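A.B. asks: Dumping the structure here so I can ask a few things about it.
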Amino acid sequence: MKKTAVAIVIIIAAALVAFLAYDGTVNKEITSDFFSMNTYSTVKLKGAESDEAAEEIRSLTEKLDTEILSRTSSKSVVSVLNKNGGGNAEKISDYLNVLFDVCKKSGGAFDFTLGAVSDLWSFSSNPVLPDETAIKDALSHSGYDKMKFDGKEIDYSDKAAVIDFGGAGKGIALDEIKTVLENKKIREAVVSIGGSVLLMGDKKFTVGIRNPEGNSGSYIAKLHIPEGCVSTSGSYEQQFEFGGRKYHHILDPETGYPVDNGLLSVTIVSDSGILTDALSTACFVLGYEKGKELAENYGCGVVFVTEEKKVYAENGAENYIEITDNAYTLVMQ
Ligand code: ADP
Ligand code: MG
């Protein structure tokens with residue numbers, strides 16, 4: 001190339017860099033909060049199309065809930081299937097394939113057909129303890145192994161069974177949000193829906209593990225991780241006290257009662273939102289030993305926090321966890 005041509009290229013490149021530096025929209029940073037899927041969500045975006053992307057995320061999450069996943073919104077795909085005891089499930093077949101796999105590999109500790117039982121547990125401002133016989137009856141109408149799914153149609157052999165995506169819905173939303181963000185001019189994103197977080201961008205992120213006994217802004221540890229998904233299931237999330245006992249929303253599919261195994265929370269790290277969410281619930285039910293095996297089986301990092309204030313970080317998580325509250329001890333195996 002001649003010297004003049006080189007000079008022209010350099011001038012154009014410099015002008016472009018200067019333009020990008022001046023054009024604040026390229027790095028536009030926004031934070032937006034909204035309430036959806038029965039929980040608070042926060043979207044933090046950096047990039048030229050942050051405003052549009054935030055709006056798209058908000059409407060996508062709302063639609064995914066009311067039109068597809070919710071079991072209380074009467075027209076959703078899940079509600080219609082629950083009403084009819086099965087039918088065409090093509091719109092949720094990708095999710096079902098993953099969730100049936102987690103049900104099987106967790107030996108039924110994760111079971112998204114427990115809806116009849118979860119319906120009995122109300123975590124409203126006026127909670128009541130469900131009747132024991134009602135729980136037994138609802139349990140008899142649960143069990144993923146009673147459902148037949150051929151990839152398109154699902155058939156509830158027990159028509160009183162109820163599908164409940166509560167244990168994986170937020171993770172599903174994160175996977176759908178990821179697709180939206182990949183098609184937008186966004187350089188960095190942190191999206192949290194309840195206890196599930198999506199991280200996108202070419203950097204190391206820091207994600208806090210909540211203090212199970214503190215308020216929502218207090219943390220016991222930090223995870224220093226690249227982009228991906230993180231999900232925490234905790235017994236502090238939805239709970240009530242009755243007769244001096246605490247009851248929370250993660251249920252043991254064998255008893256129909258809240259899991260009581262000494263764990264306070266389980267955090268999973270992986271690339272897939274649906275997996276991190278389902279596995280955090282599954283590992284909470286399974287407890288430390290079996291939960292660790294399940295997370296290993298899926299190649300996911302996992303952190304268990306116990307009532308004794310011990311923290312077990314496994315399957316790689318030991319390399320990126322930092323305990324920040326000295327009341328908690330990291331147990332090295
Ligand atoms: P959160 O909704 O707080 O993020 P989880 O992801 O752990 O917490 O999901 C808990 C929800 O999952 C419950 O509210 C209920 O709807 C459903 N659920 C409870 N127990 C189970 C279970 N053993 N398997 C699958 N889903 C469950
Ligand atoms: Mg979950």
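A.B. asks: What is the percent carbon and sulfur in the accessible area of the range 101-157, measuring with a 1.4 Å probe over the protein chains and ignoring ligands?
C.D. replies: 49
A.B. asks: Also: What's the angle, to the nearest 10 degrees (0 to 90), between helix 3-22's Cα axis and the longest principal axis of the chain?
C.D. replies: 40
A.B. asks: Hey, another quick one. Among 114-121, 135-142, what's the highest-first ranking by average C-beta atoms within 10 angstrom per residue?
C.D. replies: Final packing ranking: 114-121, 135-142.
A.B. asks: Averaged per residue, what accessible area in Å² does the range 29-331 show with a 1.4 Å probe, protein chains only?
C.D. replies: 46
A.B. asks: Now for a different question. Sort 270-282, 79-91 for me by packing, meaning the mean count of neighbouring Cβ atoms within 10 Å per residue, highest on top.
C.D. replies: With the highest mean Cβ count within 10 Å placed first, the list reads 270-282, 79-91.
A.B. asks: If you project the alpha carbons of the chain onto the principal axes, what extent comes out on each, in Å, largest first?
C.D. replies: 87, 50, 37
A.B. asks: Now for a different question. In whole percent, and with a 1.4 Å probe on the protein chains, what portion of the accessible area of the range 203-326 is carbon and sulfur?
C.D. replies: 41
A.B. asks: Further question: Quote the FRET efficiency, to the nearest 0.05, computed for residue 213 versus residue 90 with a Förster distance R0 of 35 Å and r equal to the Cβ-Cβ distance.
C.D. replies: 0.20
A.B. asks: Based on DSSP, what percent of beta bridges with both residues in the chain are antiparallel, to the nearest 5?
C.D. replies: Just about 95 percent of them are antiparallel.
The values are calculated or read from the model by the stated rules, or taken from the named source; none is laboratory data. What you see is a predicted model, and the numbers here were worked out from it, not measured in a lab. Cβ sites come from the backbone with ideal geometry, for glycine too, and all protein chains shown count toward neighbours. The area values use the complete protein model at the heavy-atom level, side chains included, leaving out ligands, DNA and RNA. Shrake-Rupley method; radii C 1.70, N 1.55, O 1.52, S 1.80 Å.
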